[in-house]
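Let me begin by presenting the structure, written as structure tokens, before commenting on it.
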Amino acid sequence: MPITIDWLHFNPENALLGGVMLGLGASLLLLFNGKIAGISGIFAYLIKPKNIFSADAAWRALFLIGLISAAVIYPLFSAFPTAPIATSNGTLIVAGLLVGFGSRMGSGCTSGHGICGLSRLSLRSLVATISFMTAGFVTTYFVLHTG
Amino acid sequence: MKNTITFLAGLIFGLGLIVSGMTNSANIIGFLDIAGHWNPSLALVMAGGIGIAFFAFRYTENKKLTLCNEPVHLPATRQLNKELIIGSLLFGTGWALAGFCPGPALVVLGTGNKQAGLFVLAMLIGMHGHDIFYKRLFNKAQEGN
């Protein structure tokens, strides 16, 4: 099965530059706060009512406010690369439930395991990344190429 | 100053998700679709991110202190267990179905997108489902990441 590259949608410069920015953001949080930029863990902590007023909530809230602010600040400089989401509402709900439950059960997501964990050469994160990538490849194959 | 940097770290991370194209769910699905017309973006995004963060982690693993001379908080768990693998498999399945993981979903929600809002709401319920019901049911020890 030969792999063909989708050059129409693949922009190597932007992918690499954006990736470097992710690394920079994660590095700043680590170097100044000593914390890992794992979005699922940060979000899961903040949505628990008992945590909202804890001392550990502040850095998490600041980081997430910064993250979401990107959606407001980016359009000041360039058009937000909007793309219609082709997924049905039912599928979005199932996907969200799986992402939420799975990221908690597996102690992390694409940011915590895929970027931070691999950067610190964590074996757990390598196993997690291989696991979610494999599930992703298989699921996509079934969704797009069968039935 | 530390608070400003924390905010900026989140902002740069969010801008990175937009610049890299990761807030476009079609790019995620395009990466996972190796049997179709493959979009390798995500591989370069991870290479760029790891290429930078690797050095920050080297520094903190050696120093054990932040630049503000405070302790570093890294997950201590080393054990490979079935929760790690099953959880990641479930995560990967949902990630592929929507083309969204938590970071990009929150950024797209920030643009006022209702579909991203629906995904984030379901994600929140899934997280509570694990942390409140599943863990209580099976009495799992708290693991952080």
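Here are the numbers:
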{"item": "Environment charge at A:Val127 (Cβ cut-off 12 Å; Lys +1, Arg +1, Asp -1, Glu -1)", "result": "+2"}
{"item": "Prolate/oblate/rounded label for the stretch A:12-145 (Cα gyration tensor, a/c 1.5)", "result": "rounded"}
{"item": "Accessible carbon and sulfur surface of the stretch A:12-145 relative to its total accessible area, %, 1.4 Å", "result": "74"}
{"item": "Heavy-atom accessible area, 1.4 Å probe, ligands and nucleic acids excluded: residues of the stretch A:55-71 down by at least 20 Å² from chain alone", "result": "A:Leu62, A:Phe63, A:Gly66, A:Leu67, A:Ile68, A:Ala70, A:Ala71"}
{"item": "Net charge dipole size for the stretch B:77-145 [Lys, Arg +1 and Asp, Glu -1 on Cβ; Debye, nearest 20]", "result": "120"}
{"item": "Size of the A/B contact, given as accessible area buried on both chains, probe 1.4 Å, in Å²", "result": "10100"}
{"item": "Probe 1.4 Å, accessible area per residue of the stretch B:77-145, Å²", "result": "46"}
{"item": "Residues of type aspartates and glutamates that A:Lys50 reaches as a straight line, Cα spacing below 20 Å, ignoring anything fewer than 8 places off in the same chain", "result": "B:Asp131, B:Glu143"}
{"item": "Under 22 Å from A:Lys48, Cα to Cα: lysines that are on another chain or at least 8 residues apart", "result": "A:Lys35, B:Lys135, B:Lys140"}
{"item": "Rounded, prolate or oblate (a/c below 1.5 giving rounded, otherwise prolate when a/b exceeds b/c) for the protein assembly as shown by Cα gyration tensor", "result": "rounded"}
{"item": "A:Leu76 paired with A:Phe137, simple spin-label distance in nm, labels 7 Å along Cα-to-beta-carbon", "result": "4.2"}
{"item": "Assigned charges on the beta-carbon of Lys, Arg, Asp, Glu; chain B dipole about Cα centre (debye)", "result": "300"}
{"item": "Chain B - percent of accessible surface contributed by carbon and sulfur, probe 1.4 Å", "result": "65"}
{"item": "Residue-normalised accessible area of the stretch A:13-147, expressed per residue, 1.4 Å probe, Å²", "result": "40"}
{"item": "Cβ-placed point charges (K, R +1; D, E -1), dipole of the stretch A:19-147 about Cα centre in debye, nearest 20", "result": "300"}
{"item": "Charge dipole of chain B about the Cα centre (unit charges at C-beta), most positive-ward option of B:Trp95, B:Leu11, B:Asn24", "result": "B:Leu11"}
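The values are calculated or read from the model by the stated rules, or taken from the named source; none is laboratory data. These figures come from a predicted structure and were not determined experimentally. Heads up, the Cβs are rebuilt from the backbone with ideal geometry, glycines too, and the neighbour counts pull from every protein chain shown. Note: areas computed on protein heavy atoms with side chains; ligands, DNA, RNA excluded. Shrake-Rupley method; radii C 1.70, N 1.55, O 1.52, S 1.80 Å.
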